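Worksheet for the structure shown next.
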Amino acid sequence: MDFARFETDMRRQGATLARVGDWTEATKDVEWRGAVTLGGKSNPLAAKITQLVAPRAYTIDSQIGGMVCHYEISLVSLSETVTRVALVLNLSAKTETARIFLMTLKLTRGLVLQRLEQMLVRQGSAAETEWQHRKGG
């Protein structure tokens, strides 16, 4: 799993992100700390890989301000050149502010899903470009 690409994408979105313990290889229980802006306000971010079945699947649990996030991604190879990506994102609120933010997300669900899809496409395109480069084509 190339989490460096994910980290770069997060930074492009304005997040600050640092690896806890300066790890170089993604394994279960590695963590990130930082901050992300939601609704115009900076919120602390803490994330941890809680399950990892490389390279097929991983789960990241995180907390952003008063919001708890459970993010699961699985990759299923359909052929040598095609991979299906399945994403599950569960969000819950621990504070009133987070509850209001989640209600806003529900109202703008289509836009949120579009932005998630765009992020996955960017990451997939970058991975494909890197693969093609390594392959020599």
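Quick one: in the range 14-39, which of the residues that are assigned to a loop (DSSP other than H, G, I, E, B), open to solvent by 40 Å² or more (accessible area, probe 1.4 Å) and under 20 Å from Thr97 (Cβ atoms) is modelled with the highest pLDDT? Step through it out loud before you land on a result.
Keep residues of the range 14-39 that are assigned to a loop (DSSP other than H, G, I, E, B), which gives 14-15, 21-30, 39.
In the following step, the residues that additionally are open to solvent by 40 Å² or more (accessible area, probe 1.4 Å) were identified as 14, 21-22, 24-25, 27-29, 39.
Keeping just the survivors that are under 20 Å from Thr97 (Cβ atoms) gives 14, 39.
Working: Gly14: 89, Gly39: 77.
Ranking the qualifying residues of the range 14-39, first place goes to Gly14.
Among what's in the range 40-77 and is part of a loop (DSSP other than H, G, I, E, B) and open to solvent by 80 Å² or more (accessible area, probe 1.4 Å), pick the residue that is farthest from Thr8 (Cα to Cα). Show your work before the answer.
Just the residues of the range 40-77 that are part of a loop (DSSP other than H, G, I, E, B), to begin with: 40, 54-56, 65-66.
Then drop every residue that is not open to solvent by 80 Å² or more (accessible area, probe 1.4 Å), which leaves 55-56.
On the way: Pro55: 20, Arg56: 21 Å.
Across the range 40-77, the extreme among qualifying residues is Arg56.
Take the conditions open to solvent by less than 50 Å² (accessible area, probe 1.4 Å), more than 12 Å from the chain's Cα centre (by Cα) and more than 29 Å from Gln132 (Cα to Cα) and apply them to Leu102. Does it pass?
yes
Given the structure, is Arg84 outside any helix (DSSP H, G or I), open to solvent by 80 Å² or more (accessible area, probe 1.4 Å), in contact (Cβ under 8 Å) with a residue 12 or more places away in the chain and among the basic types (Lys, Arg)?
Working: outside any helix (DSSP H, G or I): yes; open to solvent by 80 Å² or more (accessible area, probe 1.4 Å): yes; in contact (Cβ under 8 Å) with a residue 12 or more places away in the chain: no; among the basic types (Lys, Arg): yes.
It is false that Arg84 is outside any helix (DSSP H, G or I), open to solvent by 80 Å² or more (accessible area, probe 1.4 Å), in contact (Cβ under 8 Å) with a residue 12 or more places away in the chain and among the basic types (Lys, Arg).
The values are calculated or read from the model by the stated rules, or taken from the named source; none is laboratory data. The model shown is predicted, which means the values in this text are computed figures rather than measured ones. Don't worry about glycine lacking a Cβ; one is built from the backbone with ideal geometry, like all the others, and counts go over all protein chains shown. SASA here: full protein model, heavy atoms, side chains in, ligands and nucleic acids out. Shrake-Rupley method; radii C 1.70, N 1.55, O 1.52, S 1.80 Å.
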